[in-house]
Amino acid sequence: QVLRDCQHPNVVELFDLFEGNSFTWVVAEECAGGPVRGNLYEHHGHEYNFAHIRHVMRHTLMGIEHVHHRGYVHCDIKP
């Protein structure tokens, strides 16, 4: 229900949940571009691309801010 309440361009859209005997299946929006961690550490020569890191982090924080304004807290954010 939380993800359904938090529709925002920077929050993954949840389509459905299915609960089995020992698993819960989540059907969510596909996020193109691969894992964020791999995206943040792309190198250009021997230097990190800090402009790209700022861009990714800005949009990530905008999504988190939206969720917080809806009254929810994400308790499992990882780098």
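Quick notes on this structure:
- Listed by first and then second residue, the pairs with beta-carbon distance under 8 Å, at least 6 apart or on different chains, first residue in region 56-67 and under 14 Å from CYS6 (Cα atoms) and without any contact (Cβ under 8 Å) to a residue 40 or more places away in the chain, second in a helix (DSSP H, G or I) and among the basic types (Lys, Arg), form an empty list.
- The set of residues in region 9-29 being within 15 Å of TYR72 (Cβ to Cβ) and open to solvent by 50 Å² or more (accessible area, probe 1.4 Å) consists of ASN10, VAL12.
- Within region 14-30, being in a strand (DSSP E or B) and either closer than 20 Å to VAL67 by Cβ or hydroxyl-bearing (Ser, Thr, Tyr) (or both) holds for LEU14, PHE15, ASP16, LEU17, THR24, VAL26, VAL27, ALA28.
- Residue within region 47-54 that is modelled with pLDDT of 85 or more and either charged (D, E, K, R) or open to solvent by less than 100 Å² (accessible area, probe 1.4 Å) (or both) present: yes
- Unmet requirement for PRO79, which otherwise passes all of (1) part of a helix (DSSP H, G or I); (2) at pLDDT below 70: (1)
The values are calculated or read from the model by the stated rules, or taken from the named source; none is laboratory data. Note that the structure is a prediction, hence the values are computed from the model and not measured. All Cβ positions, even for glycine, are placed from backbone atoms using ideal geometry, and neighbour counts span all protein chains on display. Surface accessibility is based on the protein's heavy atoms, side chains included, excluding ligands, DNA and RNA. Shrake-Rupley method; radii C 1.70, N 1.55, O 1.52, S 1.80 Å.
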